[in-house]
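*Asks:* Handing you this structure, nothing more for now.
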Amino acid sequence: MATTSPPPRPPRSLRSQPRNAQGQAQDPAQPRPLPGSWEGILGLAREQARNSNAQAIGNFEKVINGLAKLPETRRRAADGRLQTVYMQAVVGLQSFHATRDRFSDAMRVIQDALPQAGDEERDYLEQHLIGLQFMAGENDA
């Protein structure tokens, strides 16, 4: 019987719970992000996605497109705060599409994000892309 290895652990920037520089979960009692900030728009998109509101797509895309325009050094400054927001928006948008069986849209989101991803993030996204291809029926027999 063949053994399979567990799925790769998501890099820190893709974990849903915010973490501090030491990798510890942040206190959930911290203040909510400012409305209109990248974190605020991401939070709104997540809330809309939880409610199956299609407006989530526009808000996820606003974060993704806005942060993708920034130089990598700016996204990775302050312990990668904006890179984390960017990658969480990517995962949120692809998830929104995938749960609605829009696999080609979900795969496009990941493919577009690969150039912006770091090595660890890229490995995780590529594994995720393989899963989406399988779900979409694009697997090689």
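The values are calculated or read from the model by the stated rules, or taken from the named source; none is laboratory data. Not measured: the values here are computed from a predicted model. Glycine also receives a Cβ, built like all others from the backbone with ideal geometry; neighbour counts cover every protein chain displayed.
*Asks:* Kindly indicate whether Leu93 is in a helix (DSSP H, G or I) and in contact (Cβ under 8 Å) with a residue 12 or more places away in the chain. Let's see the steps before the verdict.
*Replies:* Details: in a helix (DSSP H, G or I): yes; in contact (Cβ under 8 Å) with a residue 12 or more places away in the chain: yes.
Answer is yes for this residue.
*Asks:* What are the residues in the range 87-125 that are of a type in the set (Asp, Glu), modelled with pLDDT under 95 and closer than 25 Å to Thr73 by Cα, if any?
*Replies:* Passing the criteria: Asp119, Glu120, Glu121, Asp123.
*Asks:* Another question, then. Which one of these is in contact (Cβ under 8 Å) with a residue 60 or more places away in the chain, polar (S, T, N, Q) and surrounded by fewer than 19 Cβ atoms within 10 Å (Cβ to Cβ): Gln88, Gln127? I'd like the intermediate steps shown before the answer.
*Replies:* Working: Gln88 fails: surrounded by fewer than 19 Cβ atoms within 10 Å (Cβ to Cβ).
It is Gln127.
*Asks:* Follow-up question, since we're still on this one. Does Val63 satisfy the criteria of being assigned to a helix (DSSP H, G or I), touching a residue at least 40 places away in the same chain (Cβ under 8 Å) and not small (Gly, Ala, Ser)?
*Replies:* Criteria not met by Val63.
*Asks:* I've got another one for you. For Phe134, are the conditions met, namely being among the aromatic types (Phe, Trp, Tyr), at pLDDT 95 or above and part of a helix (DSSP H, G or I)?
*Replies:* no
Each row is one residue, and each column tells you yes or no for (1) among the charged types (D, E, K, R); (2) under 22 Å from Leu132 (Cβ atoms).
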site	(1), (2)
Arg32	yes, no
Gly43	no, no
Asn51	no, no
Gly58	no, yes
Lys69	yes, no
Thr73	no, no
Gly92	no, yes
Arg108	yes, yes
Ala113	no, yes
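Here's the yes/no breakdown for (1) over 22 Å from Asp123 (Cβ atoms); (2) modelled with pLDDT of 90 or more:
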{"position": "Arg19", "(1), (2)": "no, no"}
{"position": "Arg32", "(1), (2)": "yes, no"}
{"position": "Leu70", "(1), (2)": "yes, yes"}
{"position": "Ala77", "(1), (2)": "yes, yes"}
{"position": "Val85", "(1), (2)": "no, yes"}
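*Asks:* Going by what's in this entry, would Ala2 be described as modelled with pLDDT under 95, exposed (fewer than 12 other Cβ atoms within 10 Å of the Cβ), outside any loop (DSSP other than H, G, I, E, B) and not β-branched (Val, Ile, Thr)?
*Replies:* no
*Asks:* From the list Asp119, Asp105, Asp123, Asp112, which one is at negative phi, charged (D, E, K, R) and in contact with a helix residue (DSSP H, G or I) (Cβ under 6 Å, 6 or more places away or on another chain)?
*Replies:* Asp105
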